[in-house]
Each structure stands twice: as C-alpha cells, then as structure tokens.
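Single-structure report; data block below.
The values are calculated or read from the model by the stated rules, or taken from the named source; none is laboratory data. All of these numbers come straight from a predicted model, not from anything done at the bench. When we count neighbours, we look across all protein chains shown, and the Cβ atoms used for this are built from the backbone with ideal geometry, even at glycine.
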Amino acid sequence: MAALANSLIPTLRTDSINDCLGRYHLPSWYIECCLKGFREFKCVDAAVHGRAESGSLVAVMGASGSGKTTLLNAVSKRVEDGVEGGIFLNSQIVCRNELIEVSGFVTQKDIAITTLTAMEHSFFMSQMRLNKSIKSNQRRTRISELLTELGLSGQEGTQLKYLSGGERKRLSVAVELLHDPLILFCDEPTTGLDSYNALLLIEKLQIIAKAGKIVMCSIHQPASDIFTCFNQIILLTSGKLAYHGPTNHVLTYFSSLGSPCPSNYNPADFLITKFAIVPGDEDSCTASNEYFCQKFAESHLGESLRCNEDDPINQDQSANKNNSFNQSPWMVKLYWLIWRNVMDSLRTKLGHFQQAAVFLVTSLMLAIFYSNIFTHTQQGIQDVHGLLYLISSEVYFTSTYRVLNTFPQEISVFTKEKDLYPTSAYYIAKIITTIPRTVIEPAIYLAIICIVQYLCGCPVLSYFTLLGPLLISACSASAYGCALSAVFQSPNIASVISVPVDLATMLMAGMFFNIRSLPSVISWIKYLSQLHYTNEVLLVLHWQNIDYIDCPEDKSLPCLRNGIQVLQAYGYSPGNVSGDLIALVLIFFILNVIGWLGLWRQARKNTFK
C-alpha cells in the first residue's frame, strides 16, 4: 500500500513531503459567510470552523441543501463573494491564488472537451498547469503513471465521450493530480456511479490521502463500505456544523446525546436521516438540528476546532508552494488552446461539412439564377446590384450565425478552467480557430458563382477584385457573431437581440432605397451597418471600370451611360472604398473587444458546479 501511495506522485515521494515540509497540513480554517444560493439567499449566522491534516480523507456530509457544495467551494476559495474569514495553511493565511497552486478541485460534473482522448486531455491540462521547463516526455510519463494508478491503463487513446462515468471521474482526479497538489477537493465524486465504481473511486482517493495529501469530499449518501473509508467527517445542517471529527467516534458522540444508531444500520443513512427536514414538521426538525449544532459547538471537539478570531494574521508570509505549479507563458497557453480547438473541430468535421454543403448549395442556386445577366445593359444594372447584395448578405448572415453557439456550448468548460488561462488567450484562440472556415467558405462561394457565369458565357463578376473585400466582410461578420455569443449565454437570446440589429443592417445596405434619401436624423445608422460598407465596396469595385452601358432606343427613358453614373445614381462614391474597408477592420476589432469583455464578465459571475 505504501509503495502504491508513493508511486501516485511521480516527481515527489511521500517521504520527501514529510522531510521537507513537515506534515504539511491545514491546521485550521475559519469561515464566516453569507452566501447567495441558487434560488434564494442562504445566510449562515454562525461561524464554521474546521481542521484537517495531511493523510486525511474527509467526508462533508448532510442532507440536500445543507451547504456541502457551498462549504467546499468556500474552503477551496472557488467562491469568494459573500465569504468572510480566512483559510490557513500551516498557520499562515493564504489568498485564492496561493490555495489554487497547492490544491486541486474535482467538480461534480465531468466537464471537458469530449472529443479529446484521455491522453490528449491530460497532456493539454499539463500544459496549462505544469512548469514550462518540464519536457514533453516527462509530462507523458507522469500522465501514464497517473492513469495506470487510477485504473485507466489502456484507455489513453479513447475519446472522453466513450469513457464510462467511473472512468471519466477517475480521469478528472488524475488531471487534478498533475501538479502534485497537497489538497484535493472533490464535489460529490460518486454521483452517477454504481456502487462498485463508487467504492473503487473512494479507495483510490484513500490511497491518495495516505500519500500525504488532504482529500476533502462532499458526499450525499455513501454506502457503509464507502463510509468507513473516511477517517474524518464534517456533518452539516443548514450551513452549520453538527459534527466534525473522527469517523470512528461519530456514533459514540451522538449516542452520548441520546441518539444511538440502530444496530445493523448504515451509519451514513442514520446521520443524514437524523438531520433531514421532514415536510410538515419543519419547526420541530429545525429546533432539533439547532440543538445538536449547539451541543457540538459546546463540546470538546467543537472547542478544539475554534480558532482565535483576535489573533493577528501575518499577511506577508506565504504558505509553502509547490514548485511544479508554475504556469506556462501566455503564448504557450494560446498555442495549446488553439491546438485543442483544432482537434475538436477536426473530430466534428461531419457537422462542419453539412453546414458548408448547405452554404455552397445556395451559391450554386444563386449562380444558376444569375447566369444570364449582362453588365452593359440598363436592365443588367439592377441584376448586378441584386446579385452583389445577395452575395454580401449571404456571406454576412452565414458568417454571423455559424459562430453564434461558439461560447455557450463551452461556457461550462471555460468557467471550470478559468483559473488555468487568461480569458484573452481563450477568446483569441477561438477567433483564430474560426478564421479558416470564415475565409475559405466565402472564397469557394464566390468562385462557384464566377465559374458558372463563365461557363454560361456571361462572366460578369471579377473574382479576384471582389474576393478581398468579401473576406474582410466575412471576418467582420464573424466578429459580430462571436460578440453576441460571448455576451449572451443563450443562443436564443442572442438571436432575439440580433433581429432589430440585422434589420437595420439590411436596410442601410442601400438595396431597398437610395441611402441619400435618408433623413439626417437617422442617416448616421448606415455607419454602423457592415452590409452598407460591404455593398458599397463591391459595387464600386465592379462599376468603376465600366466605361460604357447601352441606352434604350426610346430617348425618353432614363439612361446611365457608365459605371460612375450608376454609382452616383445610387448614392455611392469611389472615394469611399478605403474608408469602408478600414471601417470593416475597425468593426472587427471593436466587436472582438466587446466579445472578450462579455466573456470576462461571464468568467467573473459564473461559478462551476
């Protein structure tokens, strides 16, 4: 057992922990909090004190709504809003970043990019967590050893979506052990597992604790064999301590208070049932729970846990650090975030292919309908205007709505990993990953139209003249979609918000009325329309070199004799091309900054569960 415990941490053996740091422990933590719950404010009007030492496997127990996850998040400093008090390591107070460096947190839900394999996911997380000086072969060796010790040998090449619930939970534990944490928090690790896999996981956590770690788990209703694996219990009711001490003393303690556990009864079931709030008997249950909480606070165990709130706290001293947790530079994290996005995209290529196929089929339909138009006729003027507008609008809306689900579908992953990399790196990686499709699809779209027209003997459009502005427009539209996706968590809300914006954008393109006829009160709106800039650039580039247009034989009919006259008639100016392109580039950057700020705001307000 000792050899197995030592091998769990490839770079730091148990004896080295004890020799270098002493028994690294959490001698006392003290929390006084008023936390905002999911549905209502849950105020804890009594201080919660606790203590755990290295080698401890601690169970945080209680009925549903007793505050298990809330306490775990507060102790691990994953939640700080509304929390007062301090977390002490070796009698030294630690800030959030310091605690994160020496701890790991296994969430209740196994949140990850499921298209990655177990090895790829672990290697990516090692790039986010470990010192940049650690070489790739050392990382892979460390990962392989952890996967083997946690019973995942042979699953290195399996995508996460094909792993069982127990395997994914053990992989989550392995990932949190990568940086050799001294404290491991687990939020209901047995949720969704059968009894065998639940026991297997807790036994693995027990081995980890014996390697000199502190392992603290919130757990809902453990079986008796799981219950006996824990050597410390924290029992909560309505956010207050009803018991905190050794597992083998808990039944004796409650028996001394006149509440013995029936023989042949699961102790965990007894404790949870004891403090459950029975519907219709809330007042009596609450009074009983308050009695036991008060008794524990007055007991020797309760008194021994209480820290002196008046003792001075040395803010200058830092807790012992784990040198393997020295995160990589910003550029390295950006690279690996791009790598993960690319791997995920390549493994969901069927969905991308279907979307691209629909987009390109519309280009073929458009090419067929406009395969018989002529630039040098009066009738052809309107035909060309309609074609260029449809091209620009199709590219605009496709580029916008294709990325609308980019951030909502990964927001849970992002909020879980928000301490591993900057929001800017995550956002820029997403933008860079979307660029290939954003430029390739419009290029093929325009090529199909030009090729069909050429084959039909009516080569109206110049491919290379129009391609550059169209790609800039596509990138600008994609930035708009990413901004909506990042600011609003729900694609449905983003779609509703975009309706009036899209309507104004379409109207300001100049297709449905002459933009020179706009009242001065609203004429400024055109400067916010990406379609206005795109449409003007495409029309100017097409018409500015057209020197002659046929006039009808009937002299009473109006006649536009060249491309410049066409542009003037519709309110466009060749001198605006540079300004239009600059405006599209500025919109691209401005919208991406807005998107980054929206994502940053979500990172601050969201707490993973």
*Can you pull out the strands (runs of 3 or more DSSP E) entirely within the range 25-86 that have at least 1 residues that are in the same structural domain as Ala209 (by TED's automatic domain parsing) and at pLDDT 65 or above?*
48-52, 57-61
_Restricting to the range 213-230, name every residue that is of a type outside the set (S, T, N, Q), in a loop (DSSP other than H, G, I, E, B) and more than 18 Å from Val106 (Cβ to Cβ)._
Ala223
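Just to verify a result, which residue in the range 533-546, among those that are closer than 16 Å to Ala569 by Cβ and assigned to a loop (DSSP other than H, G, I, E, B), is modelled with the highest pLDDT?
Gln544
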_Total residues in the range 199-225, condition of a type in the set (Ser, Thr, Tyr) and either surrounded by fewer than 20 Cβ atoms within 10 Å (Cβ to Cβ) or free of Cβ contacts under 8 Å to residues at least 60 places away in the same chain (or both)_ = 1
_Among the listed residues Ser122, Ser144, Ser133, Ser126, identify the single one that is part of a loop (DSSP other than H, G, I, E, B) and of a type in the set (S, T, N, Q)._
Ser133
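Being crowded, with 19+ Cβ neighbours inside 10 Å and either among the acidic types (Asp, Glu) or modelled with pLDDT under 95 (or both): is that true of Lys430 here?
Numbers: crowded, with 19+ Cβ neighbours inside 10 Å: yes; either among the acidic types (Asp, Glu) or modelled with pLDDT under 95 (or both): no.
For Lys430, the condition - crowded, with 19+ Cβ neighbours inside 10 Å and either among the acidic types (Asp, Glu) or modelled with pLDDT under 95 (or both) - is not met.
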*Within the set of pairs 6+ apart or on separate chains, which have a first residue in the range 283-298 that is in contact (Cβ under 8 Å) with a residue 40 or more places away in the chain, a second that is hydroxyl-bearing (Ser, Thr, Tyr) and surrounded by fewer than 16 Cβ atoms within 10 Å (Cβ to Cβ), and C-beta atoms under 9 Å apart?*
Phe292/Ser259
*Where a residue in the range 229-252 is without any contact (Cβ under 8 Å) to a residue 40 or more places away in the chain and its partner, wherever it lies, is in a loop (DSSP other than H, G, I, E, B) and surrounded by fewer than 22 Cβ atoms within 10 Å (Cβ to Cβ), with Cβ under 7 Å and at least six apart*: Pro246/Asn231; Leu251/Cys261
*Among what's in the range 361-405 and is of a type in the set (Gly, Ala, Ser) and in contact with a Leu (Cβ under 9 Å, 6 or more places away or on another chain), pick the residue that is modelled with the lowest pLDDT.*
Ser371
